[in-house]
1. For region 81-102: of the residues being farther than 22 Å from Pro199 by Cα and in contact with a helix residue (DSSP H, G or I) (Cβ under 8 Å, 6 or more places away or on another chain), which is surrounded by the fewest Cβ atoms within 10 Å (Cβ to Cβ)?
2. Just wondering, is there one or more residues in region 85-105 that are under 19 Å from Tyr42 (Cα atoms) and either in contact (Cβ under 8 Å) with a residue 12 or more places away in the chain or of a type outside the set (Phe, Trp, Tyr) (or both)?
3. For region 97-126, name all the residues that are among the polar types (S, T, N, Q) and not in a helix (DSSP H, G or I).
4. Against the conditions (1) modelled with pLDDT of 85 or more; (2) out of contact with any Lys or Arg (no Cβ under 8 Å at 6 or more places or on another chain), where does Met104 fall short? Just the number, please.
5. Of everything in region 174-201, what is over 19 Å from Asp146 (Cβ atoms) and not in a helix (DSSP H, G or I)? Give them in sequence order.
6. Contact list please: Cβ distance under 8 Å, first residue in region 149-166 and of a type outside the set (A, V, I, L, M), second residue outside any helix (DSSP H, G or I), pairs at least six apart or on different chains.
7. Of the conditions (1) in a helix (DSSP H, G or I); (2) free of Cβ contacts under 8 Å to residues at least 24 places away in the same chain, Leu71 clears all except one; give me its number.
8. If I go through region 77-132 residue by residue, how many of them are over 10 Å from the mean Cα position of the chain (by Cα) and among the hydrophobic types (A, V, I, L, M, F, W, C)?
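The values are calculated or read from the model by the stated rules, or taken from the named source; none is laboratory data. What you are looking at is a predicted structure, and each value in this text was computed from that prediction instead of being measured. Don't worry about glycine lacking a Cβ; one is built from the backbone with ideal geometry, like all the others, and counts go over all protein chains shown. These accessible areas exclude ligands, DNA and RNA; they are computed on the full protein's heavy atoms, side chains included. Shrake-Rupley method; radii C 1.70, N 1.55, O 1.52, S 1.80 Å.
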Amino acid sequence: MNGTSPAPGPTTPSPSARARRSEATRDAILVAARERFAADGYERATIRAIAKDANIDPSMVMRYYGNKEGLFAAAVTVDLRLPDAGGLSPRDVGAVLVRHFLDMWEDDEVLTALLRVGATNQAGAERMQGIFRDQLLPVARRVCPDPEQIPARAALAASQLLGLALTRYVLRIPPAVALHPEEIVAWLGPTVQRYLTAPSP
């Protein structure tokens, strides 16, 4: 025995260190994904390009997010920038919401891409559900006459707003595309208004 100590073996990271490294990897993927989706759009952005931007192997993206749809749903943050519920008149809420959503859909391709993903992917659907739950419900809460009906009324209003977006911006049904925004407000505003403020049928 020469009295020398054996060379130390590789150190196994602690659970907390592995969790931090995993979180850092997730964050790097999301940052790269947001930049790539913004630059290339949903269709042209690829998992390989996003992984390269994040300096990781593409398999890591798949491990954490499953596929491009799941990654997009996790990466995209959408602020609907709805009017302040406290400043809305219950008499005007239908027209205000329809006009606001039209302005947003016209100017924001991310919303259209998210709608496409949400229609076919669970993660995308959950993201859309969260957006409307967190951002549309407060408006409904402000104007609905029956507190117990707030979720149902908000869901009915969302069905009109999302149905419009689907037919006009995703499926691009010609008569829906051809409608002038003010025509849409005139047609759809009273329906959304009724869903949110009319007496219960």
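1. Once the filter is applied, the top-ranked residue is Arg81.
2. Within region 85-105 (the criterion being under 19 Å from Tyr42 (Cα atoms) and either in contact (Cβ under 8 Å) with a residue 12 or more places away in the chain or of a type outside the set (Phe, Trp, Tyr) (or both)), the answer is yes, since at least one residue qualifies.
3. The one that is among the polar types (S, T, N, Q) and not in a helix (DSSP H, G or I): Asn121.
4. All conditions are met except number (2).
5. Within region 174-201, Leu179, His180 qualify.
6. Gln149/Ser200; Arg153/Cys144
7. Only one criterion in (1) in a helix (DSSP H, G or I); (2) free of Cβ contacts under 8 Å to residues at least 24 places away in the same chain is unmet by Leu71, namely (2).
8. Counting residues in region 77-132 that are over 10 Å from the mean Cα position of the chain (by Cα) and among the hydrophobic types (A, V, I, L, M, F, W, C) gives 13.
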